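Student: Let me give you the structure first, and then I'll get to my questions.
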Amino acid sequence: MKKSNILLLLFFAIYSFSQEAIENQTIVPENPESLVEDSIDLQSNTIKNLQKTQAQIDKLDEESKKLTNEYKDTVVEYEILNKYDNQLEKITISQAEEIANITKQIDDLDETNKYVLPLLERMVNTLRDLIEIDVPFLMDERLARLNELEDILFKANFSTAEKFRKIYEAYQIENEYGRTIEAYSGSIEINNVNLAAQFFRLGRLNLYYMTPDGDETGYWSKDTNDWVHLGGKYSDDIDAALKIAYKQAPPDFINLPVQGVEK
């Protein structure tokens with residue numbers, strides 16, 4: 001194909017030159033081969049430029065396909081999360097309406113207090129059961145809040161409505177844990193040695209830790225109800241997750257072992 005182009009160009013150059021010589025009655029150059037060589041060089045340079053341009057186009061096309069696939073994956077994930085969020089919102093609205101109705105009954109009907117107090121006690125006991133079987137994040141904070149509820153439950157200087165409000169707030173806080181991520185400082189015991197650590201909470205599904213030097217990492221296993229020590233594995237990913245939770249880095253995909261929700 002390239003040889004045909006060169007011959008065609010050579011024919012066209014000689015024909016043009018002959019026509020111009022006839023029309024202008026000029027003398028043919030002493031070295032017509034130079035004209036052919038110049039034409040060949042021009043054709044060769046043009047082909048090289050076209051090859052470079054095509055390579056750039058192929059590279060841009062590959063990058064475009066990659067970005068398109070990433071965008072599609074992001075859209076699918078967003079739709080799933082958005083649907084899940086809408087379901088939670090409906091549940092929250094329904095619960096809020098029910099709680100508002102119960103609160104009104106407590107405020108308006110003093111005679112119902114004798115029936116409400118056992119309900120509040122059951123709610124506090126249920127909350128304790130939840131915390132004890134849950135992933136052990138922020139245990140000092142959560143147990144302190146629970147102990148406060150148990151302390152005021154039978155105190156006369158707190159109205160029934162006030163007791164219910166505080167219990168309801170505690171439930172709201174526990175419910176919010178399931179929809180957020182968080183990072184906080186604490187300590188962990190490894191081989192009978194208490195070490196400082198940074199913890200990353202993923203909802204209420206998973207809890208990870210990493211020591212400041214990154215030599216020790218791990219996560220809480222729901223199967224064994226104990227810590228799984230990884231000896232530094234996933235330290236980069238846990239560090240990235242901590243930065244996201246501390247808002248030191250933008251949200252991004254992180255490769256960490258995740259435990260599913262039991263049915």
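The values are calculated or read from the model by the stated rules, or taken from the named source; none is laboratory data. None of the values given here were measured: they were computed from a predicted structure. Virtual Cβ from ideal backbone geometry, glycine too; neighbours counted across all protein chains shown.
Student: Looking at 209, 246, 168 in this structure, which one is aromatic (Phe, Trp, Tyr), within 30 Å of residue 118 (Cα to Cα) and out of contact with any Lys or Arg (no Cβ under 9 Å at 6 or more places or on another chain)?
Tutor: After applying the criteria, what remains is 168.
Student: Here is a further query. Quick one: would you say residue 132 is modelled with pLDDT under 95 and in a helix (DSSP H, G or I)?
Tutor: For residue 132, the condition - modelled with pLDDT under 95 and in a helix (DSSP H, G or I) - is met.
Student: Here are some conditions: (1) buried (at least 17 other Cβ atoms within 10 Å of the Cβ); (2) touching an Asp or Glu at 6+ places or on another chain (Cβ under 7 Å); (3) closer than 30 Å to residue 91 by Cα. Residue 210 meets all but one. Which one does it not meet?
Tutor: For residue 210, the exception is condition (3).
Student: Checking residue 192 against (1) surrounded by 15 or more Cβ atoms within 10 Å (Cβ to Cβ); (2) more than 30 Å from residue 98 (Cα to Cα), which test does it fail?
Tutor: (1)
Student: Could you check the stretch 160-209 and list, in sequence order, the residues that are small (Gly, Ala, Ser) and over 29 Å from the mean Cα position of the chain (by Cα)?
Tutor: 161
Student: Yes or no: the stretch 241-260 includes at least one residue that is modelled with pLDDT under 95, among the aromatic types (Phe, Trp, Tyr) and over 22 Å from residue 141 (Cβ atoms).
Tutor: Yes: the stretch 241-260 contains one or more residues that are modelled with pLDDT under 95, among the aromatic types (Phe, Trp, Tyr) and over 22 Å from residue 141 (Cβ atoms).
Student: Within the bounds of the stretch 242-261, is there any residue that is hydrophobic (A, V, I, L, M, F, W, C), assigned to a strand (DSSP E or B) and not assigned by TED's automatic domain parsing to the domain that holds residue 116?
Tutor: The answer is no; no qualifying residue exists.
Student: Of the residues 88, 120, which is in contact (Cβ under 8 Å) with a residue 60 or more places away in the chain and either assigned to a helix (DSSP H, G or I) or within 30 Å of residue 187 (Cβ to Cβ) (or both)?
Tutor: Of the residues listed, the single one that is in contact (Cβ under 8 Å) with a residue 60 or more places away in the chain and either assigned to a helix (DSSP H, G or I) or within 30 Å of residue 187 (Cβ to Cβ) (or both) is 88.
Student: Condition first: closer than 17 Å to residue 197 by Cβ and basic (Lys, Arg). Now tell me which residues in the stretch 214-263 satisfy that.
Tutor: Within the stretch 214-263, 233, 243 meet the criteria.
Student: Among the residues in the stretch 112-125, are any in contact with an Asp or Glu (Cβ under 8 Å, 6 or more places away or on another chain) and not assigned by TED's automatic domain parsing to the domain that holds residue 202?
Tutor: Yes - at least one qualifying residue is present in the stretch 112-125.
Student: Please indicate, with yes or no, whether at least one residue in the stretch 194-203 is closer than 28 Å to residue 123 by Cα, assigned to a loop (DSSP other than H, G, I, E, B) and touching a Ser or Thr at 6+ places or on another chain (Cβ under 9 Å).
Tutor: Looking for residues that are closer than 28 Å to residue 123 by Cα, assigned to a loop (DSSP other than H, G, I, E, B) and touching a Ser or Thr at 6+ places or on another chain (Cβ under 9 Å), one finds at least one in the stretch 194-203, hence yes.
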